[in-house]
Amino acid sequence: MRLVLIGPPGAGKGTQAKIICARWGIPQISTGDMLRSAKAEGKLSPVLVARMAGGALVPDDVVIGLIRTRTTSLDCHLGFLLDGFPRTVPQAEALGVMLDARGHKLDAVLALDVPRDLLIERAVLRRQDKGTGQIYHLKYNPPPAEAVLEHREDDREEVVLKRLDTYEAMTAELLPFYEKTGNLRRINGVGTVEQVTARILEAVGVK
């Protein structure tokens, strides 16, 4: 099973990725993790590391090279789930060329759909206990009275809005591209973890 999982911040993508990977015995491949690992191992040029530190996007050829190498690993013999890649149509096209060269294809591109106002609520009302590190939600999972709470920077509204804007800009062309290829499966991401998982399984033809 070769899958791409797409979803906005707060959609529960990480949770579903773990379930999907366990279900099919495939690895979750995150470009962010790979870039951090390559940087730590000294496999990236100093110029590229400096550009990354300044917030610049990593060139497509570098990312594709990492994906090409990673997907030939033994743990990918049953497939893989790509998380955070592709982000653009050129990356999606390059991925298609890479898979075609191996005689493979994507089984599905899963896009989790959650209303923007719900994503904001999920993130902005999160709080972390300074003492234990436990994450609570002021509406859905209230903290105990003794918890010493902090509002993490990533969960502040202005940061959340910026991340959602970035996601929407990224997928504005990517999702229509995969719709045209017939790979796109839009998943209603509202509901329990189990309900969303069931929709994913149905979307890829598993009853």
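For the reader, a short list of remarks on this structure follows.
- In segment 65-84, the residues that are more than 13 Å from residue 32 (Cβ to Cβ) and touching a residue at least 40 places away in the same chain (Cβ under 8 Å) reach residues that are among the aromatic types (Phe, Trp, Tyr) and surrounded by 11 or more Cβ atoms within 10 Å (Cβ to Cβ) with C-beta atoms within less than 8 angstrom, at least six apart or across chains, in these pairs: 71/80; 78/24; 79/24.
- Selection within segment 95-136 - surrounded by fewer than 16 Cβ atoms within 10 Å (Cβ to Cβ), touching a residue at least 24 places away in the same chain (Cβ under 8 Å), over 30 Å from residue 147 (Cα atoms) and of a type in the set (D, E, K, R): 105, 113
- Checking each residue of segment 181-192 against the condition of being farther than 15 Å from residue 13 by Cβ, of a type in the set (A, V, I, L, M, F, W, C) and outside any helix (DSSP H, G or I) gives at least one match.
- Among (1) free of Cβ contacts under 8 Å to residues at least 24 places away in the same chain; (2) among the basic types (Lys, Arg); (3) closer than 24 Å to residue 1 by Cβ - the single one residue 186 does not satisfy: (1)
- Given (1) open to solvent by 50 Å² or more (accessible area, probe 1.4 Å); (2) at pLDDT 85 or above; (3) farther than 20 Å from residue 115 by Cα, number of the condition residue 4 does not satisfy: (1)
- Failed item, numbered, when residue 38 is tested on (1) among the hydrophobic types (A, V, I, L, M, F, W, C); (2) over 26 Å from residue 189 (Cβ atoms); (3) part of a loop (DSSP other than H, G, I, E, B); (4) open to solvent by less than 20 Å² (accessible area, probe 1.4 Å): (3)
- Residue list for segment 139-161, restricted to those being under 16 Å from residue 117 (Cα atoms) and open to solvent by 80 Å² or more (accessible area, probe 1.4 Å): 139, 140, 156, 157, 158
- Every residue from segment 24-53 that is within 19 Å of residue 183 (Cβ to Cβ) and either among the hydrophobic types (A, V, I, L, M, F, W, C) or over 13 Å from the mean Cα position of the chain (by Cα) (or both): 24, 26, 29
- Verdict on residue 30 being surrounded by 14 or more Cβ atoms within 10 Å (Cβ to Cβ) and out of contact with any helix residue (DSSP H, G or I) (no Cβ under 8 Å at 6 or more places or on another chain): yes
The values are calculated or read from the model by the stated rules, or taken from the named source; none is laboratory data. Since this is a predicted model, take the numbers as computed values, not measurements. Here the Cβ is made from the backbone with ideal geometry for all residues, glycine too, and neighbour counts use every protein chain on show. To get the accessible areas, we keep the full protein, side chains included, count just its heavy atoms, and leave off ligands, DNA and RNA. Shrake-Rupley method; radii C 1.70, N 1.55, O 1.52, S 1.80 Å.
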